[in-house]
Amino acid sequence: MSGYLNPNLLKHSKRVCSLYKRAVRNLEAWNINRPTFRYHAVLLRARFDENKNITDLRRAKELWIAGEEELAKCEHYQPLKFAKSPGGVAYAREVVCPDWVLDYWHPLEKAQYPEYFARREQRKKEYLKFYEQHYGKPMPESHH
């Protein structure tokens, strides 16, 4: 289970759904051939469906714990990750340029986008006015 989720806070049905999804993703990592993967996924679903009508929570929890242990035993050594998911090859690859970088553009570069920079300057003035209303004018720095 994910490190940031406390499993005791989740309902049993959510825990079982999470176990099923992780087990299917694990099968997908082990079986590159799509028809083979689908065959094993159908068998896995049948195993889950056999126990879906269990009303005894103790028995259901035992089955869930056994499923977690089985998944831990047969977990793939290099699980598949989606490219933009944490751990994926493209995770956090897009660098977001901070706004202050635009202040250092050359005037010829700024001239290519006159409406944008006019609106930007207007918003900077509005922000300064807002800041001064809420926090007051900054005090002059005292030099030592």
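What pairs come out if I take residues in region 49-77 that are farther than 16 Å from residue 14 by Cα and pair them with residues that are open to solvent by 80 Å² or more (accessible area, probe 1.4 Å) whose C-beta lies under 6 Å away, six or more apart or interchain?
Listed by first residue and then by second, the contacts come to 76/30.
I'd like the full set of residues that are over 27 Å from the mean Cα position of the chain (by Cα) and either under 19 Å from residue 73 (Cα atoms) or of a type in the set (Lys, Arg) (or both), limited to region 21-58. Write out each step before concluding.
The first filter runs over region 21-58 and keeps only residues over 27 Å from the mean Cα position of the chain (by Cα), leaving 33, 35-36, 39-40, 42-43, 46-47, 49-58.
Within region 21-58, 40, 43, 47, 52, 58 meet the criteria.
Are any residues in region 8-19 within 19 Å of the chain's Cα centre (by Cα), part of a helix (DSSP H, G or I) and not charged (D, E, K, R), and if so, which ones?
Initial filter on region 8-19 (within 19 Å of the chain's Cα centre (by Cα)): 10, 14-15, 17-19.
Then keep just the ones that are part of a helix (DSSP H, G or I); that gives 14-15, 17-19.
Correct list: 17, 18, 19.
The values are calculated or read from the model by the stated rules, or taken from the named source; none is laboratory data. Keep in mind that what you see is a predicted model, and the values were worked out from it rather than measured. Backbone-built Cβ (ideal geometry, glycine too); neighbour counts: all protein chains shown. Accessible surface areas use protein heavy atoms only, side chains included; no ligands, DNA or RNA. Shrake-Rupley method; radii C 1.70, N 1.55, O 1.52, S 1.80 Å.
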